[in-house]
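Enquirer: Before anything else, here's the structure in question.
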Amino acid sequence: CSVTDYTCTPPLAMPYMVQDGLLGQTQLPPGAAGVPVPEGFDGFVKFEVLPPTPNTPPEDLFVPDTYYMGGTVIGDTQGAPLLMIQRRQIQTIITQSFQGVDVGAAQSLGVVAFNVYDCDGNPAADARVDIRVQGREPEGVIPFQLPASRIPLAQVPGEPLFTAPSGGGGFLNVPAGTVSLSAYRRDNVLIGVFELGSVPGEISVGSIRPAYVRDANIAGAPALADN
């Protein structure tokens, strides 16, 4: 999808069926899957899980993920971990991790998740991340840390968000529009700025890195925890 078309309508290519351990006929490591994109592509890939039957209950459907490359694709590219969850699971997560939050209202807005990496490509723990939507500081968003378990830890709304030891974090209740994320070290030195789109009912995923990192490869990305 084009980086300027957050709803991905229409997509730039036909749908591609992702298969575990394969990219076309090319074998990949177990647990990895590949998506073919043109050399030099700098947009996002939208992941959707097909329902097992036409009558699958809405709560059993998976929440779409949009993965922003964050740079141009050059040769073989490795992305950060991507976790897809069912709507019933996200309802449980919101209830358990974000006490007092209106689940229905939260699901009608967007979720932004990210990892921050330093100049050596390592996860940047304790990095402060600021969010702007359409150039303004949004009201009502709820920051959260995203540890290796990928189970969010809600932070206090209105206070600065600092990343978990995994370098992960995110925001719940993000209104639709262009989202700008700025990551800083504790000494207020800028690490990097990243832009992506927030779409209601979807999870937008990206990686914040120093500006001189011009390609989409994240070879140092940590694997998802087993739990």
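Enquirer: Could you say which residue among Val116, Val129 is closer than 21 Å to Asp42 by Cα, touching a Pro at 6+ places or on another chain (Cβ under 9 Å) and of a type in the set (Val, Ile, Thr)?
Expert: Working: Val129 fails: closer than 21 Å to Asp42 by Cα.
After ruling out the rest, the residue left standing is Val116.
Enquirer: Considering each residue of region 84-107, count those that are surrounded by 13 or more Cβ atoms within 10 Å (Cβ to Cβ) and either on the phi > 0 side of the Ramachandran plot or not in a helix (DSSP H, G or I) (or both), and give that number.
Expert: Total meeting the criteria: 5.
Enquirer: So which of Gly170, Gly75, Gly140, Gly135 is modelled with pLDDT under 95 and under 24 Å from Phe47 (Cα atoms)? Working first, answer last.
Expert: Details: Gly170 fails: modelled with pLDDT under 95; Gly140 fails: under 24 Å from Phe47 (Cα atoms); Gly135 fails: under 24 Å from Phe47 (Cα atoms).
Only one candidate qualifies: Gly75.
Enquirer: To continue, here is another question. Being open to solvent by 20 Å² or more (accessible area, probe 1.4 Å) and in a loop (DSSP other than H, G, I, E, B) is the filter here; which residues of region 55-68 pass it?
Expert: Asn55, Thr56, Pro57, Leu61
Enquirer: Inspect region 208-224 for any residue being buried (at least 22 other Cβ atoms within 10 Å of the Cβ) and outside any loop (DSSP other than H, G, I, E, B) and give the result as yes or no.
Expert: yes
Enquirer: Here's a follow-up. Could you list all residues from region 127-146 that are assigned to a loop (DSSP other than H, G, I, E, B) and in contact (Cβ under 8 Å) with a residue 60 or more places away in the chain? Write out each step before concluding.
Expert: Initial filter on region 127-146 (assigned to a loop (DSSP other than H, G, I, E, B)): 127, 134-135, 137-141, 146.
Within region 127-146, just Ala127 meets the criteria.
Enquirer: Let me ask you something else. Which condition from (1) under 18 Å from Ile90 (Cα atoms); (2) of a type in the set (S, T, N, Q); (3) modelled with pLDDT of 95 or more is the one that Ser180 breaks?
Expert: The number of the failed condition is (1).
Enquirer: Okay, moving on. Taking the stated definitions as given, is Pro165 assigned to a loop (DSSP other than H, G, I, E, B) and in contact with a strand residue (DSSP E or B) (Cβ under 9 Å, 6 or more places away or on another chain)?
Expert: Values: assigned to a loop (DSSP other than H, G, I, E, B): yes; in contact with a strand residue (DSSP E or B) (Cβ under 9 Å, 6 or more places away or on another chain): yes.
Considered against the rule, which asks whether it is assigned to a loop (DSSP other than H, G, I, E, B) and in contact with a strand residue (DSSP E or B) (Cβ under 9 Å, 6 or more places away or on another chain), Pro165 comes out as yes.
Enquirer: Restricting to region 28-54, name every residue that is surrounded by 12 or more Cβ atoms within 10 Å (Cβ to Cβ), modelled with pLDDT of 90 or more, touching a strand residue (DSSP E or B) at 6+ places or on another chain (Cβ under 6 Å) and of a type outside the set (Phe, Trp, Tyr).
Expert: Those that are surrounded by 12 or more Cβ atoms within 10 Å (Cβ to Cβ), modelled with pLDDT of 90 or more, touching a strand residue (DSSP E or B) at 6+ places or on another chain (Cβ under 6 Å) and of a type outside the set (Phe, Trp, Tyr): Val35, Asp42, Val45, Lys46, Val49.
Enquirer: Do we find a residue being open to solvent by 60 Å² or more (accessible area, probe 1.4 Å), farther than 18 Å from Gln107 by Cα and assigned to a loop (DSSP other than H, G, I, E, B) anywhere in region 197-205?
Expert: So the first thing to find is which residues in region 197-205 are open to solvent by 60 Å² or more (accessible area, probe 1.4 Å), and the list is 200.
Now drop any that are not farther than 18 Å from Gln107 by Cα, which leaves none.
Looking through region 197-205, none of the residues is open to solvent by 60 Å² or more (accessible area, probe 1.4 Å), farther than 18 Å from Gln107 by Cα and assigned to a loop (DSSP other than H, G, I, E, B).
Enquirer: Is there any pair linking a residue in region 12-23 that is in contact (Cβ under 8 Å) with a residue 24 or more places away in the chain to one that is among the hydroxyl-bearing types (Ser, Thr, Tyr), with Cβ under 7 Å and at least six apart or on different chains, and which?
Expert: These pairs meet every condition: Leu12/Ser2.
Enquirer: Right, next: Restricting attention to region 147-187, which residues are without any contact (Cβ under 8 Å) to a residue 24 or more places away in the chain and polar (S, T, N, Q)?
Expert: Correct list: Gln155 only.
Enquirer: Output the number of the condition that Ala113 fails; it satisfies all remaining conditions of (1) open to solvent by 20 Å² or more (accessible area, probe 1.4 Å); (2) small (Gly, Ala, Ser); (3) not in a loop (DSSP other than H, G, I, E, B).
Expert: (1)
The values are calculated or read from the model by the stated rules, or taken from the named source; none is laboratory data. Everything quoted here is computed from the prediction, not taken from an experiment. Backbone-built Cβ (ideal geometry, glycine too); neighbour counts: all protein chains shown. SASA here: full protein model, heavy atoms, side chains in, ligands and nucleic acids out. Shrake-Rupley method; radii C 1.70, N 1.55, O 1.52, S 1.80 Å.
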